[in-house]
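Below: one structure, written as structure tokens.
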Amino acid sequence: MLFPLPKTPRPRRIVVTGAGVITAFGAGWKINAEGFRSGRTAFRPVTLFDVTRQRCKIAAEIDLPGDLPPNRLSRGDLRRLQRASRLLLLAGAEAWDQAGWTPDGRLPLVLGTTSGEMCLGQEYLLQALQTPLCFKRQTERVTHYLVQQQGINLANALGVEAEVITISNACASGANAIGHAWQLVREGRADRVLTGGYDALCHMTYAGFDTLQVLSPTPCRPFDAGRDGLTLGEGAALLALEDLNSAQRRDAEILGEIIGYAATMDTHHLTQPQPEGNAALAAMRAACASAGVTPEQIDYVNAHGTATPQNDIAETAAIQTWAGARAATLPVSSTKAGIGHLLGAAGAVEAVVSLMALRGQWLPPETSLETPDPACRFQVVRQPIDAKIKTTLSNSCGFGGANATLIFKRWP
Amino acid sequence: MSRVFVHGQGAVSPAGWGLPALRASLKNERPLPAQSLARPGWDKPLLVRIVPPPLVRPAFLAHPRLRRASPMTHYAVGAALEALGQDADLIRSGGLQLGIVTCTLTGGISYSRRFYEEVLQNPATASPMIFPETVFNSSASHLAAYLGSSVVNYTLVGDAGTFLQGLAVAAGWLDSGMAEACVIIGAEELDWTAADALRLFDRRAVHASGAGAIYLKTLHPAGVPVELAAVTDSFAATRAPGRHEAARKMRAQLPVGASDELLCASECDNSAWNDWPGELLTPTEILGEGFTAAAAWQCVAVCDAIQQSRCVAANVSITGQSLQAIAARFVNPTFLKTQTRT
């Protein structure tokens, strides 16, 4: 039952026992860890749709692998999987395999996305307008456009009976999904949850950001004094979350622990953050309170850092107010400098980056940074560097004012 | 675990703005008249059920964030404010932390369609004013801004059953202290693309727009109390052979029912409810297929029925064309104290 909620004597500890990721760096933990550790960038001219009439023409596109991982979908189902669903399946299968989970019992699947299979919505509209009396493939397009169906596809691929819940909180969707999943396990409402975010590049979204003039014609440079906008990317990341006791009973490999989460709303404007970053500040403070840590105990901040003038200045203010004296020595970077802004997948991929950094004991640099914004009193990580880190914090700030912060801890 | 009570309901539907209009249309038991909606490229229009203009222009429409907002946002805010009642002022003054769960299937689809049509014509001149309104959580954002609510706020995207999942999400927030009160909204707007798509699956279905809202708190309310007693698990029902089994599992998680209980179902052809002993209400036949808004109207209708003493408990069942089978149960706890039912 989703309600009434089971009683739990005390909050459980939640660990990550599986992680899957696909970005423009490639598919899988290893190639992404190498990319983030070295500060690679993966931007190139857009090839997925026509951008000749757009102001900006680059993105961090993924070269989708030709083969999908072994799964339980029929050939017909596989043929109908579109780009976003394939990204989701690639990340989901990796997380599932790494966790060593088996398809027994029910599994909540908590996902975040902003667009789902928007490409199918576009195709539907085009056909409806151009050949209004032709319905060929329209039913299939509608079915697979529905975001819930994408989660169900993943569940079917894994052979698991899942309850799918999809949070669409713009660019905070992935972080909100992980945070919600964390709460489900923490409060005893689920023993394990597969969670994360996904989004594929599509023309409508690209054009939307372009019309707002928030895209940069060059690769984005978060926290750079000369930054002029974001660069879009695509990807997916999924985490297998479970109760610590369960993971230890199974002798599962633990990738890290999630110790804090908070979500807040910025009511300033639909697309612009409050200049002082009040909601981001509130999210960081509340997440630290839920984790029982202080800013002095945070060893690295993975910033939302979109590289738009407005986001970075607001987030800078928020981080510095939150960190206080700690700001002067606090390492901060935005991994969007390498793979772009993944929208609904951003918070989830950045959660995986945090786990990678904690596992590998390094900090992800922004190698494209030229001149740090003088407003930044924190240390923007610019070069690949090893570091002893125990606790990291990851911010997500979305359109509409959705803010979320997650806190991760090294295991053991 | 905290007990969760309904503290208000709101509805904007083809019957009109407000719960009394919804109540009157359901009492009448006759399908509301459908309107024509032009479908480009077709001689024959689509039939839909449109929300009529409000008798009095709501004051909230003058808010800067709401002037250009989508119809879905207007419906969502209208329903939410009706559900919140006087607590809206308390929230605005910072005296009550309100969590917001907004559920939708199609989102701001009229602006999305319009924006993409502009992109197809010339992306360089597509309107930057429209694009932000196409984002799924724009309605939730506008509502939060109107109320000055800065705590947790999720937009859930999915089929009609998502509204019932939203009830459980909100109950979790109340239990964990993330919010002191929660409003759950199901909201949809009309567009020919959505009506066209719905027709592919059911030629008899009439697409409807509007919103419904349920306001939850842990405090025992004044008057006839309505308690959220249960939300079943969600059982995936994407393929025809599995739908009955999913509905059966859902039904098995609820009490068997009694003659003084009400069942509100989106589809009554489901054999899982064949032996239901009480009254049956099918608002979709009267109001139209409003996806998450329709699920919200069903919850609003049964809570109202309990408050009006038409029944002592009621189930809302979402199956049929939904991708999941899921149900919620509301009860009058005063009555159930003296009755034991299994």
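Quick note: the coordinates plus some simple rules give every number you see, no bench work behind them. Remember, it's a predicted structure, so these values are computed and weren't measured experimentally. Every residue, glycine among them, receives a Cβ derived from its backbone with ideal geometry; neighbour counts consider all protein chains shown.
Can you pull out the chymotrypsin sites (Phe, Trp or Tyr not before Pro) in region A:105-197 that DSSP calls coil and that have at most 14 other Cβ atoms within 10 Å?
Hits after loop and neighbour filter: A:Phe135.
Taking H as built 1.01 Å from N, whose amide H comes closer than 5 Å to the amide H of A:Gly256, not counting residues under 5 places away?
The list, which skips near neighbours in sequence, is A:Val16.
In region A:199-252, how does Rg compare with the Kirkwood Rh, expressed as the Rg/Rh ratio over alpha carbon atoms?
Using Cα coordinates only, the ratio equals 1.32.
What list of ³J(HN,Hα) couplings, whole Hz, do you get for region A:346-358 from phi and the Karplus terms 6.51, -1.76, 1.60, once you set θ to phi - 60° and write x for glycine and proline?
4, x, 6, 5, 5, 5, 5, 4, 4, 5, 4, 5, 5
Enumerate the amide H contacts of A:Asp224 below 5 Å, restricted to partners 5 or more residues apart or on another chain; note that Pro and chain-start residues carry no placed amide H.
A:Asp373
Treating the Cα atoms of region A:323-369 as identical point scatterers in vacuum, please give the log10 of the normalised Debye intensity I(q)/I(0) at q = 0.18 Å⁻¹, two decimals.
The calculated log intensity ratios at q = 0.18 Å⁻¹ are -0.65.
Exactly which trypsin sites (Lys or Arg not before Pro) in region A:331-389 are in a DSSP loop and have at most 11 other Cβ atoms within 10 Å?
Numbers: sites: A:Lys336, A:Arg359, A:Arg377, A:Arg382, A:Lys388; in loops: A:Arg377, A:Arg382, A:Lys388.
Answer in residue order: A:Lys388.
Separation of region A:198-252 and region B:66-97 by C-alpha centroid, Å?
31 Å
Note the direction-averaged projected area, equal to a quarter of the hull surface, for the Cα convex hull of region A:303-412, in nm².
6.7 nm²
Given the protein assembly as shown, what count of lysine pairs have C-alpha atoms under 25 Å apart, with each pair 8 or more places apart or on different chains?
Close lysine pairs found across the protein assembly as shown: 15.
Please give the FRET efficiency for B:Ala62 paired with B:His220, using the beta carbon to beta carbon distance and R0 = 25 Å, rounded to the nearest 0.05.
That pair, B:Ala62 with B:His220, gives E of 0.10.
For a bin width of 10 Å, list the pair-distance distribution of region A:125-181 built from all Cα-Cα distances, rounded to whole %.
For region A:125-181, the pair-distance distribution reads 20, 34, 27, 17, 2.
Under a point spin-label approximation (7 Å from Cα along Cα-to-Cβ), what is the B:Ser271-A:Arg359 distance to one decimal in nm?
4.9 nm
Go through A:Ala207, A:His180, A:Ile152 and say which Cα lies farthest out towards the positive end of the charge dipole of region A:93-216; charges sit on Cβ, +1 for Lys and Arg, -1 for Asp and Glu.
Final value for the positive-end residue is A:Ala207.
Just tell me how shielded A:104-114 is by partners: mean number of partner chain Cβ atoms within 10 Å of each residue's Cβ, no decimals.
On the way: counts 0, 0, 3, 0, 2, 1, 0, 1, 2, 2, 4.
Mean partner shielding for this stretch: 1.
What do the square roots of 5 times the Cα gyration tensor eigenvalues come to for region B:1-57, in whole Å, largest first, as semi-axes of the equivalent ellipsoid?
31, 14, 12
Looking only at B:Gly278, B:Gly16, B:Gly108, which one moves most when chain B is put into a Gaussian network model with springs between Cα atoms under 10 Å?
Of B:Gly278, B:Gly16, B:Gly108, the most mobile in the Gaussian network model is B:Gly278.
Would you mind listing how long chain B runs along its three principal axes, going by Cα atoms, in whole Å with the largest first?
Projected onto the principal axes, the Cα atoms of chain B cover 66, 49, 35 Å.
Test of the criteria: in region B:32-69, which trypsin sites (Lys or Arg not before Pro) are in a DSSP loop and have at most 10 other Cβ atoms within 10 angstrom of their Cβ? Mind dumping the intermediate values first?
On the way: sites: B:Arg49, B:Arg65, B:Arg67, B:Arg68; in loops: B:Arg65, B:Arg67, B:Arg68.
For trypsin sites (Lys or Arg not before Pro) across region B:32-69 that sit outside H, G, I, E and B with at most 10 neighbouring Cβ atoms in 10 Å, the list reads B:Arg67.
Using alpha-carbon positions, what is the distance between the centroids of region A:1-69 and region A:264-289, in Å?
24 Å
A:Gly112's amide H: which non-local residues (gap 5+, or another chain) put their own amide H closer than 5 Å, with H modeled 1.01 Å from N in plane and none for Pro or chain starts?
A:Ile167, A:Gly196, A:Gly197, A:Tyr198
Compute the normalised compactness of region A:290-359: alpha-carbon radius of gyration over 2.2 N^0.38 Å, N being the residue count. Walk me through the numbers on the way to the answer.
Values: Rg = 12.5 Å, N = 70, 2.2 N^0.38 = 11.1 Å.
Normalised Cα radius of gyration, region A:290-359: 1.13.
For B:Arg204 paired with A:Thr102, estimate the spin-label separation in nm (one decimal), with each label point 7 Å from Cα along the Cα-to-Cβ line.
4.6 nm
For region B:284-335, just the Cα atoms, rotate onto the principal axes and tell me the three extents in Å, largest first.
Its Cα atoms span 35, 21, 13 Å along the three principal axes.
For peptide B:171-179, how many partner chain Cβ atoms fall within 10 Å of a residue's Cβ, on average?
4
Let me confirm one metric for peptide A:261-274, namely the mean number of other chain beta-carbon atoms within 10 Å of its residues' beta-carbons.
Other-chain Cβ atoms within 10 Å of each residue's Cβ, averaged: 5.
With N denoting the number of residues in region A:361-401, provide Rg(C-alpha) divided by 2.2 N^0.38 Å, to two decimal places.
For region A:361-401, the normalised Cα radius of gyration comes out at 1.43.
What share of Cα pairs, in percent, lie more than 23 angstrom apart in region B:188-271?
In whole percent, the long-distance tail amounts to 50.
Kirkwood-based Rg over Rh for region A:218-298 (C-alpha set), two decimals? Could you put the intermediate results ahead of the total?
Numbers: Rg = 17.8 Å, Rh = 16.5 Å.
Result: Rg/Rh = 1.08.
Mind listing the phi-derived Karplus ³J(HN,Hα) values for region A:382-394, rounded to whole Hz, using 6.51, -1.76 and 1.60 with θ = phi - 60°, and x for any glycine or proline?
Listing the rounded values in order: 10, 10, x, 8, 7, 7, 8, 10, 10, 9, 10, 10, 10 Hz.
How much of the calculated P(r) for region A:248-378 lies past 26 Å, in percent of all Cα pairs?
21 percent
From the helices alone, meaning DSSP H stretches of at least four residues, give me the mean residue ellipticity at 222 nm for chain A, per-run term -39500 (n - 2.57), in deg cm²/dmol to the nearest 500.
So the helix-based figure for chain A works out to -10500 deg cm²/dmol.
Let's test this: bin the Cα-Cα distances of region A:94-226 at 5 Å from zero up to the farthest pair and state each bin's percent.
It works out to 2, 9, 14, 17, 16, 13, 11, 9, 6, 2, 0, in whole percents.
Compute the relative contact order of region A:228-305 as a whole-number percentage, counting only Cα pairs closer than 8 Å that sit 6 or more residues apart in sequence.
25 percent
Across the Cα atoms of chain A, what radius of gyration and what greatest pairwise Cα-Cα distance (Dmax) are found, in Å?
Taking only Cα atoms of chain A, I get Rg and Dmax of 20.1, 66 Å.
With viscosity set to 1.002 mPa s at 20 °C, what whole-number translational diffusion coefficient in µm²/s follows for region B:33-133 from Stokes-Einstein and a Kirkwood radius over Cα pairs?
For the chosen part, D equals 129 µm²/s.
Which three numbers, in whole Å and largest first, are the semi-axes of the equivalent ellipsoid of region A:1-146 derived from its Cα gyration tensor as √(5λ)? Before the final figure, lay out each step's value.
Working: eigenvalues 206, 123, 50 Å².
Equivalent-ellipsoid dimensions as semi-axes: 32, 25, 16 Å.
If the viscosity is 0.890 mPa s and the temperature 25 °C, what Stokes-Einstein diffusion coefficient in µm²/s follows for the protein assembly as shown when Rh is the Kirkwood radius over Cα pairs?
Approximately 96 µm²/s, per Stokes-Einstein.
Using a Gaussian network model on chain A with a 10 Å cutoff between Cα atoms, which of A:Glu140, A:Glu163, A:Glu253 fluctuates the most?
A:Glu140
Of the candidates A:Met356, A:Met204, A:Met118, which one comes out as most mobile in a Gaussian network treatment of chain A with C-alpha springs shorter than 10 Å?
Residue with maximal mean-square fluctuation among A:Met356, A:Met204, A:Met118: A:Met204.
Please compute, for the alpha-carbon atoms of region B:128-221, the extent along each of the three principal axes and give them in descending order in Å.
44, 34, 19
Across region A:226-236, in residue order, what do the Karplus-derived ³J(HN,Hα) couplings come to in whole Hz, using 6.51 cos²θ - 1.76 cosθ + 1.60 with θ = phi - 60° and x for Gly and Pro?
Each residue's phi maps through the Karplus curve to give x, 4, 9, x, 9, 10, 7, x, 8, x, 7 Hz.
I need the fraction of alpha carbon pairs in region B:41-199 separated by more than 23 Å, rounded to a whole percent.
Beyond 23 Å sits 42 percent of the P(r) for region B:41-199.
Would any residue of region A:92-131 have its amide N under 15 Å from a label point 7 Å out along Cα→Cβ of A:Asp50? List them or say none.
Inside the label zone: A:123, A:126-127, A:130.
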